[in-house]
Amino acid sequence: MRIGKDCKPLTGSLLRQLREKTGLSDLTAKILSFDNPFRAVSPVAIDILRREMKSMGSPGDLLACDDADLCGKLGFFKDGRLTIAGLLVAGRDEFIAEHVPNHEWKYSKMRTDTDYETPPVSGRDCILVALDKIMLLLGQQNPVTTIPSGLFHSEFPQYPTIALREALLNSFAHRDYSIPGMVFIRHYRDRFEINNPGGFIGGVTPANILHHPPVTRNRYLVETVLLATRLVNRQNLGVPRIFRALLEEGKEPPVFDEIGETVRVTFPGQRADQAFKTLLSFLTDHQGAYLDVDDLLLLHFFRRRHEAHWNDIREAYPYDDRRLREKLSSLETHLLILEHSGTGRGATYRLSRRASAILNEGVAYDMTRRLDREAIKVRILSLLKDRPLRNADIRNFTDLGRQQAYRIMKELESDDLVYQEGHGQAALWYLKQSLRKQ
């Protein structure tokens, strides 16, 4: 195969990727030849489907249809015959085992990387039934943290239910059903992992998965059946929902990895951060602010770091510089959550005094700022022993702005440590003679 100036072997995996990109290998759109296709549909799955659709506000006339008519309107059938997508979503497990043998899942509660805490649970249930069973298993192993808020006491599971549900649904919806393997769910004491066969496609990577446009391997399953059942939405908000559910509780976002032809998503085991929840509540309830996922990512970053240089922020936020500057500026000027010193790539950003006070960390803020200021003064006095300095020189090695550098020098002047000669940009600061002799 010609790729740029090179010719590369057209391997089986590369051929499969090409067929996926062109939509020629959508297994889920294939039709099964049953005399009575409805006999392959699980009544249990239909009950779950009706419950889910009702909770998500599906139209009443759709819910009023009988089971066979409902399956037809949701895309389970095509030309009166059952599709693989319909079988995967609501089929009986014996028919799934026969026609989609690679569809399988296993849940394991792990004591260590090699030992089970309880015997694994597995099955070939359709997606609706599998989700129901797995979420029930998780609910029994998902400790809750209670956080008081006025007269109310809110409960926060270690792993937010909406995040786990979206991640599980993604693993079934986007896995590669043409290759052997099952959806592995491993529940450790300190983390939760979901592994599904089939690597990323269409340019999606672990680094860009949050903002990459929607790409799907199983187009008919996702864009017809799951969309019609409202298990997924048109905007492909699954991954942002996962991030938001964790970040809103002050928790680390999930980690996505691609290992060979397997995608793994890992949720670190964490408790809800009460101080972060208080800050978020202040911004949204008292100031009426809307924070998108990117805002939450930056807020969470500074909650952990308190202070960071531009390059460190840029590394943690791997998107374009313009958007990052806009986000930082909004958090600083509109919400008064950040403050910065210095300019350009030499800028340093930190949580503001106001944000630190809401987080009950005002003392730490004052100590940090005082230490920073005193350290800068010591550095300036040390350099002045060798040579006089202009305002621009001071800005270069302190990351301060023009006015900030000037104010610090005036403080040193009022302490009778330095004096200035000249005016404007050519003005020079000198160390007092008495200090030069020390």
(request) Among residues belonging to segment 132-170 that are in contact (Cβ under 8 Å) with a residue 60 or more places away in the chain and under 26 Å from Thr224 (Cβ atoms), point out the one that is surrounded by the fewest Cβ atoms within 10 Å (Cβ to Cβ). (result) Ile162
(message) Out of Thr278, Thr266, Thr262, I need the residue that is at pLDDT 95 or above and surrounded by fewer than 20 Cβ atoms within 10 Å (Cβ to Cβ). Which one?
(response) Thr266
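Yes/no matrix, rows are residues, columns are (1) within 19 Å of Tyr220 (Cβ to Cβ); (2) at pLDDT 90 or above; (3) hydrophobic (A, V, I, L, M, F, W, C):
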{"position": "Gln17", "(1), (2), (3)": "yes, no, no"}
{"position": "Ser25", "(1), (2), (3)": "yes, no, no"}
{"position": "Gly57", "(1), (2), (3)": "no, no, no"}
{"position": "Asp67", "(1), (2), (3)": "no, yes, no"}
(request) Output the qualifying pairs, or none if there are none: Cβ atoms under 7 angstrom, residues six or more apart or on different chains, first residue in segment 318-345 and farther than 19 Å from Arg305 by Cα, second residue in a loop (DSSP other than H, G, I, E, B) and not polar (S, T, N, Q). (result) Tyr319/His211; Thr343/Gly401
(message) For Ile48, only one of the following conditions fails: (1) touching a Leu at 6+ places or on another chain (Cβ under 7 Å); (2) over 17 Å from Leu231 (Cα atoms); (3) modelled with pLDDT of 90 or more. What is its number?
(response) (2)
(request) For segment 356-372, state whether one or more residues are in contact with a His (Cβ under 6 Å, 6 or more places away or on another chain), modelled with pLDDT of 80 or more and either surrounded by 12 or more Cβ atoms within 10 Å (Cβ to Cβ) or part of a loop (DSSP other than H, G, I, E, B) (or both). (result) no
(request) Could you please let me know if Leu131 is part of a helix (DSSP H, G or I), of a type outside the set (Gly, Ala, Ser) and over 20 Å from the mean Cα position of the chain (by Cα)? (result) yes
(message) His99 - would you say it is assigned by TED's automatic domain parsing to the domain that holds Leu227, surrounded by fewer than 21 Cβ atoms within 10 Å (Cβ to Cβ) and farther than 23 Å from Lys30 by Cα?
(response) no
(request) Collect the residues in segment 274-319 that are over 17 Å from the mean Cα position of the chain (by Cα) and among the charged types (D, E, K, R), keeping them in residue-number order. (result) Lys277, Asp285, Arg305, Glu307, Asp312
(message) Where the second residue is modelled with pLDDT of 90 or more and not in a strand (DSSP E or B) and the first is among the aromatic types (Phe, Trp, Tyr) and lies in segment 248-277, which pairs have Cβ atoms under 6 Å and are six or more apart or on separate chains?
(response) Phe256/Pro206; Phe256/Ile209; Phe267/Tyr159; Phe267/Pro254; Phe276/Gly250
(request) Take segment 63-74 and flag every residue that is surrounded by fewer than 16 Cβ atoms within 10 Å (Cβ to Cβ) and touching a helix residue (DSSP H, G or I) at 6+ places or on another chain (Cβ under 8 Å). (result) Leu63, Cys65, Asp67, Ala68, Lys73
(request) For Thr229, state whether it is of a type in the set (Val, Ile, Thr) and modelled with pLDDT under 90. (result) yes
(request) Please report, ordered by residue number, the helices (runs of 4 or more DSSP H) entirely within segment 54-121 with at least 2 residues that are within 19 Å of Lys133 (Cα to Cα) and free of Cβ contacts under 8 Å to residues at least 40 places away in the same chain. (result) 93-99
(message) Tell me the residue from Ile209, Ile201, Ile242 that is surrounded by 15 or more Cβ atoms within 10 Å (Cβ to Cβ) and within 20 Å of Leu131 (Cα to Cα), please.
(response) Ile242
(message) Given the criterion closer than 15 Å to Ile185 by Cβ, modelled with pLDDT under 95 and of a type in the set (S, T, N, Q), identify the matching residue among Thr118, Thr114.
(response) Thr118
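The values are calculated or read from the model by the stated rules, or taken from the named source; none is laboratory data. This is a predicted model, so every value here is computed, not measured. Counting neighbours? That spans all protein chains shown, and the Cβs are built from the backbone with ideal geometry, glycine included.
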